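The values are calculated or read from the model by the stated rules, or taken from the named source; none is laboratory data. Note that the structure is a prediction, hence the values are computed from the model and not measured. Virtual Cβ from ideal backbone geometry, glycine too; neighbours counted across all protein chains shown. Surface areas here come from the heavy atoms of the whole protein model, side chains and all, with no ligands, DNA or RNA. Shrake-Rupley method; radii C 1.70, N 1.55, O 1.52, S 1.80 Å.
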Amino acid sequence: MADGVSDGRPMPRFFCHKCSVEIERLLPDYTCPLCTFGFIEELESNENDRSPTGDVTDQDYLNMAFLNALRYAGSRAQDVDNGTFQTGETRNVRQRRDHSEATPRPRRDQGEAILTRRTPPDSAPDFVPVNPSEQRTNESRGPIHDSHNRSRRMRHFHTSRRPLRHRWLRQEMDLFFEDFMSGLTGVHLRLDQSPVFDIRVLLSNPAEYTFGRNGLDTIVTQLLNQMDTTGPPPLSRTLIDEIPTTAISQDQVDNKLQCSICWEDFIVSEPVRQLRCLHVYHAPCIVPWLELHGTCPICRQILGEHDAQETVEDTIGPSLAALFRVADESNDTTPSASPTSDGSSTGNRHDI
Amino acid sequence: MAAMSPSKRRLQRELMSLVREPPPGVFVDGDEVGQNLTQWIVHMEGAKGTLYEGEQFQLQFKFSSKYPFDSPEVTFIGGNIPVHPHVYSNGHICLSILTDDWSPALSVQSVCLSIVSMLSSCKEKKRPPDNSFYVKTCNKNPKKTKWSYHDDSV
């Protein structure tokens, strides 16, 4: 620390990403004195690097515990499916944890071991000598394309200048998400190679993300919204088919009665569906609605009551099907029932 | 008109009705909306004798191709978002007929009337208690919010 501090103020430190080294001073135009390129990063004060214990909080241990518990659960499930999971996962945990231990522990101990380790090792070199994903890549692959190799190295050096706590959690997060995603998809993907996107941008604190304030609620909301099943449940197909068809009377036309869904005027003798509440609609208007929600649009009477059991049973399937149908049909023009309609009476709608 | 989808036909009818006989305090520019029937701007003024008297508001309606089976997405927009316990500062409105209680027999006009009425019955101008949290975390589309309706008094 002393080397970085003068007059009580930390000296600015810089890192050249082209040379991949820390540099003492900059040229006046903010370039590297070695390569004269400008890909320079000003580093944070390095005090934290030397005192890892002061920088790792209880919250971090909770996060670790959370990650490990999930990882352990995930790996157990994966073991049942296939054996491929174990190699990468156990090896990586050991690499970081068991520098002083020659014999690997049984898998069962992993979560517990990390949980009970209340302080990370004191000296940074002992603690984070390897970027685990890097080592794994080297083992599992033969020759690596040069530019790829280079970018990985840059990232490695780059992160190794960060405060220790950050690095440590980051590695845990990497491992966790590789494992988690491979558990989900059956494909072992590596975050450090993923060209498409970095899943970590979605994340803050993983425990909070899932179970924290409103976290679970958000997920449930999201799922419900995907189903689009807010509001009353749909009416079953049988009940929809049972709705009687009647014909429009002269009286109704004289009263300028309209279909409340399409807003077209009814015409004499036109066939319409009449609900229990006596409200009438064109069949192509009311049926798609009832397939979504089993209520009268005008008076909101619930139509499915005396057959509640059946309604509950085939709710979701028909509901989704109805949604798709409505979406489809809305792209077509109406083939239906409304040759009148100059739209002149729309201000006078009569709801029965 | 013959080539219009059912939702467009219905919107066209609603527009004609609203231009011809607008409810008090509600104004819609028929030419402007006629350009794009799926997104309307409705101008609204606070009713006389209420806390919002003299204020001008703009409501934006967005309609999906499933309208009227699917409710419109309705938000306040522009410089003056009414300060009301059910109106978030981003313009989202907590009103059950806009989601759970939507019915295809409702219309732009009836939604406008409900909103005017909601504003008019307000006793104290204030934002919803969870305004800052909601505004930070919500989806752009208020219909994506799982609203829980609990206050029928305002």
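Here is how the numbers come out for the structure above:
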{"read-out": "Among the residues listed as B:LEU119, B:LEU106, B:LEU113, the single one being away from chain A (no Cβ under 14 Å) and either surrounded by 14 or more Cβ atoms within 10 Å (Cβ to Cβ) or modelled with pLDDT under 90 (or both)", "value": "B:LEU119"}
{"read-out": "Failed criterion for B:ILE97 (all others in (1) in a helix (DSSP H, G or I); (2) over 12 Å from the mean Cα position of the chain (by Cα) hold)", "value": "(2)"}
{"read-out": "Subset tally (residues that are farther than 17 Å from B:ILE77 by Cα and over 16 Å from the mean Cα position of the chain (by Cα)) for region B:30-53", "value": "10"}
{"read-out": "Test: residue in region B:74-83 that is away from every other protein chain (no Cβ under 13 Å), surrounded by 19 or more Cβ atoms within 10 Å (Cβ to Cβ) and assigned to a loop (DSSP other than H, G, I, E, B)", "value": "yes"}
{"read-out": "Failed condition for B:VAL26, given (1) within 14 Å of chain A (Cβ to nearest Cβ); (2) out of contact with any Pro (no Cβ under 9 Å at 6 or more places or on another chain); (3) farther than 22 Å from B:LYS125 by Cα", "value": "(3)"}
{"read-out": "Residues located in region B:69-94, provided they are of a type in the set (A, V, I, L, M, F, W, C) and in contact (Cβ under 8 Å) with a residue 24 or more places away in the chain", "value": "B:PHE69, B:VAL74, B:ILE77, B:ILE81, B:VAL83, B:VAL87, B:ILE93, B:CYS94"}
{"read-out": "Test for B:THR99: is it within 22 Å of A:PRO297 (Cα to Cα) and open to solvent by 20 Å² or more (accessible area, probe 1.4 Å)", "value": "yes"}
{"read-out": "Residue list for region A:232-274, filter: within 14 Å of another protein chain (Cβ to nearest Cβ), surrounded by fewer than 20 Cβ atoms within 10 Å (Cβ to Cβ) and out of contact with any helix residue (DSSP H, G or I) (no Cβ under 6 Å at 6 or more places or on another chain)", "value": "A:PRO232"}
{"read-out": "Flag if B:PRO68 is open to solvent by 10 Å² or more (accessible area, probe 1.4 Å) and either in contact with a Phe, Trp or Tyr (Cβ under 9 Å, 6 or more places away or on another chain) or more than 14 Å from chain A (Cβ to nearest Cβ) (or both)", "value": "no"}
{"read-out": "Members of region B:1-14 that are open to solvent by 10 Å² or more (accessible area, probe 1.4 Å) and not hydroxyl-bearing (Ser, Thr, Tyr)", "value": "B:MET1, B:ALA2, B:ALA3, B:MET4, B:PRO6, B:LYS8, B:ARG9, B:GLN12"}
{"read-out": "Test: residue in region B:54-65 that is closer than 21 Å to A:TRP263 by Cβ, surrounded by fewer than 13 Cβ atoms within 10 Å (Cβ to Cβ) and more than 15 Å from the chain's Cα centre (by Cα)", "value": "no"}
{"read-out": "Neighbours by Cβ (under 6 Å, 6+ apart or cross-chain): first from region B:17-40, closer than 14 Å to B:PHE61 by Cβ; second of a type in the set (Phe, Trp, Tyr) and not in a strand (DSSP E or B)", "value": "B:THR38/B:PHE63"}
